[in-house]
Each structure stands twice: as C-alpha cells, then as structure tokens.
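Visitor: Below you will find the structure I want to go over with you.
No lab work stands behind these numbers, since they all come straight from the coordinates. As the structure is a prediction and not an experimental result, all values here were calculated from the model. Reconstructed Cβ throughout: ideal geometry from the backbone, glycine too, with neighbour counts over all protein chains shown.
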Amino acid sequence: MTSNPFALQRIAHGLAAIIPILLALSTGASELTEAEQKGLDIALEARAKKDGFENFTASQVMVLRNKQGRESRRALRVKVMEVDADGDRSLFVFDEPRDVQGTAFLIHGHTDKPDDQWLYLPALKRVKRISSANRSGSFMGSEFAYEDMSPPEVERFTYRYLHDEPCGELTCTVVERFPVDGKSGYSRQVVWQDTEELRLWKVEYFDRKNAHLKTLTVDGYERYLDRYWQASNMNMVNHLTGKSTVLTWTDYQFQTDLAAMEFTQTGLRRAR
Amino acid sequence: MVRGIAGVGGQQTVTFGRVIALLLALTLCDPAAASGIAHVEFSGSLGVEARRFPESPAHPGQGSQPSSLVAMPSLYVESQTGWSFTLSPFYRFDGEDPRRTHADVHEAYALFLGEAGDAQWELRVGVDRVFWGVVESNNLVDIVNQIDLVEHPDEKSKLGQFMGHFTYAATWGVVELLGMPFHRQRTFPGRSGRLRFPWLVDADLATYESGAEERHVDVAARYSHTVGALDFGISAFDGTSREPFLIPAFRADGDIALAPHYRQIRQLGLDGQLTLGAWLLKLEAIQRSGMFNRLGREEPYSSFVLGGEYSFYSVFGSALDITVLTEWSYDDRGIRSTTKFENDLFLGARLAFNDVQGTELLVSTLQGADHDSRVFSAELNRRLADRWSLRLEAIALRELDPTDILYETRRDSFVEVGVVYSF
C-alpha cells in the first residue's frame, strides 16, 4: 500500500484546528449546541478537503458592472501557498487597469491573529507594510471586500447548521456563519455547500444592520489533481447599489515549484 | 578642480549607454536566451503635464507656464533559465526649461536568482532604483539613488544608479550589499525654470572630495527583518554624498554660478514601523558625518523623523477611507541644517474613495516649528478610463522666512494638471 503524502498533513491540520476548540470546551467555554457543532464540523470537513494542495497559481479577471451596465476590467495573477497550522500566504500581481500594472500585494494569513499585509508600489519601488484592519473595504473598487478575497479560515467564524435543501441536481447543506472579528462588515453569512464535495455554491451576506447586502453565486467547478475542486466563475451582486462583479478564474496550476521565499518582501519586490 | 566642457552629464550618458549595450550583449550570448526567451513584457506610460505659476517670478528669466511630455516605457525579458533583464528609460520634454528636458535610465539591470537551502539569494547588476524607508514626508535613510530635483520639488523622484546589488533572504532576515561605482549628480532647474536659487547650479563646475571624483566606489549594506507587528531595517553607507554643498563660483564666461561639491560621507540609518490595527507608528533616523553644514564647515549630525498614521475605514458607512498622517522631522544642526526639514511638522490626510476610478486625494502641510513658513500641498489622482488617468496637484508656499532654505522659491506656488496614458 502506498501512503498518501497528503494524508499526514491533513491529519496534522485537522488536529491543529480541533485542539483550540477542545481547549475552549474544556476550559468551560459555553458548550456548542447541536446545530453549532454540526456547522463547525462541516467547516472543518470542507477545510480538510482543501488541505495538502501545497501551492497553486491562477489568473483572475474581474468585470465590474454598475447599475447602468457600464463595465470596468481588472486583471490579476494570484499565487497561494499553504502554511502548516496557520493561514495561507497569497500574492496578487495586478496587470489591469494599466496604471496600477506591476502593483503587488502580499498577505500572510493567520488563524489566531490579524493577517500581515504588504503592498509593492512599482513607480517608487517601495514595499509598504499596510494595515489589515480594513476587512470590509472594497477590493479594487469591486463588490468583493478584502475579507471576501482572503480564504475563509475556519477560526474566523462561529457556525450554525440550518438545514439541507436541494440545489440543482445536488443536495446542499445550508450553514449560517458569524464573523468573530468585530471589524468585519457582516453580521452573518448564509452558505450553501453541496453534501458530496462541500463545494461552495452560494453565499448571502448580511450587513451590520442585518440587511441582505450581497449574494455570491459560484459555478464552473473543475477538479484538479483528482481531488481539489475549484470554481471558474464567481458572481457577486450588491442588492443595495445594483452593482455587480463577475470574477473569472483561469490557468489553475497546482503543486508548482514555487519557493516559500516568493512570499516574502524580497519576493514581493520581484513579483510579476 | 573645475571640470571641462564635456560635463559629467554627458559622460554619464555615455557610460550608461555602454553598460546597457554590455548587458544586452550578455543576454544575447546566454545560450539559454538564444534557445528561447520565456517571457517578454512591454508596458509603460505617456503623459502630458501643464504647470501654472500664478505669481510673477522672483528671479530674471523664469517662466510661468511650462508644459511637458513624459515617456516611461519598460521592457522585461525573462530567460528560460529564470534570469531576467529589465530596461526602463525615462524622458521628459519641457517647453520652457531646457534643463528640465532630460533623459535618464531608471532601470537597466539583469536579475539572477538562486536558492541555498531555505534561503534565497538575488543579484541585480546594472542600473536600478532602491527604496529604503517607511515615512511619507522625508525619507532620511533612503540614500542609494540621487534625487532628480528638476522633476519635482518633493525630492521623491530619483535617477537610476549603476550598482551591483546582492540580497540574501533567510528566515532570520534579509541582508543586502551594494557597490555603486559611478556617482550621479543632482539635477537642478535652468534659467527659465522655477523652484531654484537666484544663481544656476552648474554641473560642469562640480568638484568632489574624493580624488577618484565621480568614479569613487560607494558601498552600502542593510539588514531588515519582520518580527510580528514590527518591520525594521538597519543600514550603512560609505561614499559620495547625494546631497551637494553649493559654492558660488565664476563660470568661464564670467557669470556667477553655484558649483556643487560632493563630500565623502558615512551614514548609519535605522527605520522601523509598528503596524497595530489601524495604527502605523514610524521612525527613520540617521547619523551622518563628513557633510558640510550651511556655514561650509564639516559637522557630524543626527536627524530623525518620528510619526504615524491612523486610518478610519468606511467613514459614515460609505466606501471612503480617511488616513490621518503626522510626522515630525528634526535635524540636530538646527539653523545650520542644509535641508528643508530642520524642525518641521508634517500633517496630512489621505482620502481613498475606493470607487471604480480609484480616486485618491492627499492633502498636507509642512510647517516649520521655529518659524511661520508653511508649505501646503494637495494631490488628486483619478482614473478617467481603463487606460487614462488624471492627476491634479497644487503646492502653495506661504510665509517663507528669509532664513528658510525655501525662501528663494517663495513666489513659486503652482498648480499642475496631468493626463497619463498607460499601456
């Protein structure tokens, strides 16, 4: 029997996620209700399915559309690296609009504290450490907020399972999640994931006043390395403004020869 | 000591030409490059600008309505073996001041990369620009590149510098070593240009403390690291000063001009930033020896900039972010200081509208703590279309004291409008 090289890592990740929760439980934190436990279990299982990808690169095109239908384009390339027992590291390099071409953005995600973020400005050849407190701000004028762009770490939310319901040909499990960070722009999100692969199909975002602010719909899933499901299209609609942003992913490549040092300030200066 | 008519500027252009030719030849000789170039990218911008100085000039010959064309193309070639070559020339045509009409090479370097266990090394050879520092108003530690002062009085535009730049990035931090064999002279406005002294600075009259003149090999090193919320750097420089000491002198034609004199200096620098939620706390400090003070005497000195910024996000439930900035610059030479930041307070606000056009407005003042002099500045950037953007700027100089280093520019408040096409 050949051992799966990812299995150990997956177990390690699972343990790393469960330990703080066990600790919280054993130290007398309020016990989770059945619905909360089930919601958390689904989130942990969804993460376990994503574990072990090591790294991937991809291209993104965003089409921003205002109420009158006027469009504006953003093009960027993304590199993501998995980190053991911490948040992922991501590197974004902008190609369009052309006036910000070459601008690059590095995120060291964390599960237990705010992310570290650096911005590279090519005109000045300057790397700036920037605040990650701006969770709710718009990413490049789009309907995606910064917090929608970073991977939703399990520890960033508390959960409540609602129910299962049919979604297309599949059955979806519907979970409510509540941001832990007080700086989040949302009071809650309702998430639809299919029961087979826990792929995300829809998210409804509710603002701090609990008004239904935005809806994200996701499709065009493809499987990579026989186990990682990635979406091609993400459509975010803002119900308050009538604006929308369609985010299209292409050129996914998994387990590339990306070095960890690409995700440093030195790498950021060189990013293309 | 006085240089010949050929001029340093001309010589530098020839040197740059040779260096670029050499690097291109190197690219073509690489067997991997000959067999296949992995990636080529051509990008850049073209811009038109118009400045208006509403007040009549203080010095004879100065104009009031310069217009400019600016070209900044950039070529990037990556070989299949992973090394790359970047070429970014710069050209400005100015309708009024022939000295502001100038070309430069901002970048012309080959980049080599390698790994050593968990660490990574990088070598850049050629003309490049290197930025060190964290503050917004007065980057004291940023010493590698010469200031291209004819570009903008804010001293943030830089000329390309020929260098060998080795970087070793490990888990315990980043070490950089630089060798810089050719010194670049600071640019200054010509007779028809504003923002200058009554006399012109004549680069042909430049003198150097070092017998090697502009061929003195300057060296610099920096260690930088990130520890949690803290990013910091410690740097050292030994070589030809970027800032000249200006001495009145007679030109061959009998006119009075200012002759730049470049000293040999040593500088130790420290920069650090603490990022705590919406707060950024910043420090830059230097200790420098070998420079002449304003009285023409050698005086070692220390200088620092201490400040911070705080951001208010999504103000009043809108998309607007407002960042408030404060920085205090201090130079222990006091009135003997040769810079405009002897003891000054910088206050500013950056408004990011987070709209599709990426609209940003920066307003600031620089106020002398020991006198009433004030510099107001406002800059607006906004995209007009995917490839077109607009820049508006206004600088007002107020209550400049005759002892202030900016006094001779007291009538040079201006507004500028620029349109840029990016490709």
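Visitor: Once all Cα-Cα distances of the range B:55-153 are split into 10 Å bins that start at 0, what whole-number percent is in each one?
Guide: In order of increasing distance, the bins hold 12, 30, 30, 18, 7, 3, 0 percent.
Visitor: Could you state the number of Å between the C-alpha centres of the range B:145-193 and the range B:371-423?
Guide: 23 Å
Visitor: On average, how many beta carbons from a partner chain sit within 10 Å of the beta carbon of a residue in B:385-391?
Guide: Counting other chains' Cβ atoms within 10 Å and averaging over B:385-391 gives 3.
Visitor: In terms of the Cα gyration tensor, with a ≥ b ≥ c the square roots of its eigenvalues, is the range A:116-272 rounded because a/c is under 1.5, prolate because a/b exceeds b/c, or oblate?
Guide: Oblate shape, in that a/c is at least 1.5 and b/c is the bigger or equal ratio.
Visitor: If you don't mind, there's one more thing I want to ask. Which residue, chosen from A:ALA123, A:PRO179, A:GLN265, occupies the Cα position most advanced towards the positive end of the dipole of the protein assembly as shown, where the dipole is computed from +1 (Lys, Arg) and -1 (Asp, Glu) charges on Cβ about the Cα centre?
Guide: Farthest along the dipole direction, towards plus: A:ALA123.
Visitor: Using only the alpha carbons of the range A:41-137, what is the convex hull's orientation-averaged projected area in square nanometres?
Guide: Over every viewing direction, the Cα hull of the range A:41-137 projects on average to 8.4 nm².
Visitor: Please work out whether the range B:114-201 counts as rounded, prolate or oblate from its C-alpha gyration tensor, where a ≥ b ≥ c are the square roots of the eigenvalues and a/c under 1.5 means rounded, while otherwise a/b larger than b/c means prolate and anything else oblate?
Guide: Verdict is prolate for the range B:114-201.
Visitor: Provide, as a two-decimal number, the C-alpha radius of gyration of the range A:156-203 over 2.2 N^0.38 Å, N being how many residues it has.
Guide: 1.22
Visitor: Using a 10 Å cut-off on Cβ to Cβ distances, tally the other chain neighbours for every residue of B:350-360 and report the average as a whole number.
Guide: Partner-chain Cβ atoms within 10 Å, mean over residues of B:350-360: 3.
Visitor: Sequence-distant or interchain residues sharing an amide H contact under 5 Å with B:GLU298, placed H: which?
Guide: Counting only residues 5 or more places away or on other chains, the set is B:ASN293.
Visitor: Using the Cα centre of the range B:7-422 as the reference point, and only Cβ charges (+1 on K/R, -1 on D/E), how large is the resulting charge dipole? Debye, rounded to the nearest 20.
Guide: 600 debye
Visitor: Got the relative contact order for chain B handy, in percent, Cα pairs under 8 Å and 6 or more residues apart?
Guide: Relative contact order, chain B: 12 percent.
Visitor: Which one, B:LEU270, B:HIS225, B:SER373, projects farthest toward the positive side of the charge dipole computed for chain B from Cβ point charges (K/R +1, D/E -1)?
Guide: Ranked along the dipole, the leading option is B:SER373.
Visitor: Which value, in Å³ per residue, describes the convex hull spanned by the Cα atoms of chain B?
Guide: Normalising the Cα hull of chain B by residue number yields 161 Å³.
Visitor: For A:LYS128, give me every one of the lysines with a C-alpha distance below 24 angstrom, ignoring sequence neighbours fewer than eight places off in its own chain.
Guide: Partners found: A:LYS79, A:LYS113, A:LYS183, B:LYS156, B:LYS158, B:LYS282.
Visitor: With a bin width of 10 angstrom, please list the P(r) values of chain A as percents of all Cα-Cα pairs, from the 0 bin to the one holding the largest distance.
Guide: It works out to 6, 27, 38, 23, 6, 0, in whole percents.
Visitor: How large is the Kirkwood hydrodynamic radius of the protein assembly as shown, in angstrom, based on all distinct alpha carbon pairs?
Guide: Values: mean 1/r = 0.0359 Å⁻¹.
Kirkwood radius, the protein assembly as shown: 27.8 Å.
Visitor: Where the only charges are on Cβ atoms (+1 Lys, Arg; -1 Asp, Glu), what is the dipole of the protein assembly as shown about its Cα centre, to the nearest 20 debye?
Guide: Dipole magnitude for the protein assembly as shown comes out near 1340 debye.
Visitor: Filter the trypsin sites (Lys or Arg not before Pro) in the range B:209-274 to those in DSSP coil with at most 15 other Cβ atoms within 10 Å of their Cβ, and list the result. Let's see the in-between values first.
Guide: Working: sites: B:ARG215, B:ARG222, B:ARG242, B:ARG251, B:ARG263, B:ARG266; in loops: B:ARG242, B:ARG251, B:ARG263.
Loop-located and lightly packed - B:ARG251.
Visitor: If the only charges are +1 at each Lys and Arg Cβ and -1 at each Asp and Glu Cβ, what is the size of the charge dipole of chain A around the Cα centre, to the nearest 20 debye?
Guide: Approximately 1460 debye in magnitude.
Visitor: Also, I was wondering about something else. Please compute the average number of Cβ atoms from other chains found within 10 Å of each residue's Cβ in peptide A:117-126.
Guide: So the per-residue partner count for this stretch is 4.
Visitor: Per DSSP H run of n ≥ 4, the term is -39500 (n - 2.57); total these for chain A, divide by its residue number, and report the mean residue ellipticity at 222 nm rounded to 500 deg cm²/dmol.
Guide: -5500 deg cm²/dmol
Visitor: Let me have the 222 nm mean residue ellipticity of chain B computed from DSSP H runs of 4+ only, each contributing -39500 (n - 2.57), with the sum over all residues rounded to the nearest 500.
Guide: Per the formula, -2000 deg cm²/dmol.
Visitor: Can I ask one more? Can you find, among A:PHE105, A:SER90, A:THR57, the residue sitting farthest towards the positive end of the charge dipole of the range A:5-270, where Lys and Arg contribute +1 and Asp and Glu -1 at Cβ?
Guide: Farthest along the dipole direction, towards plus: A:PHE105.
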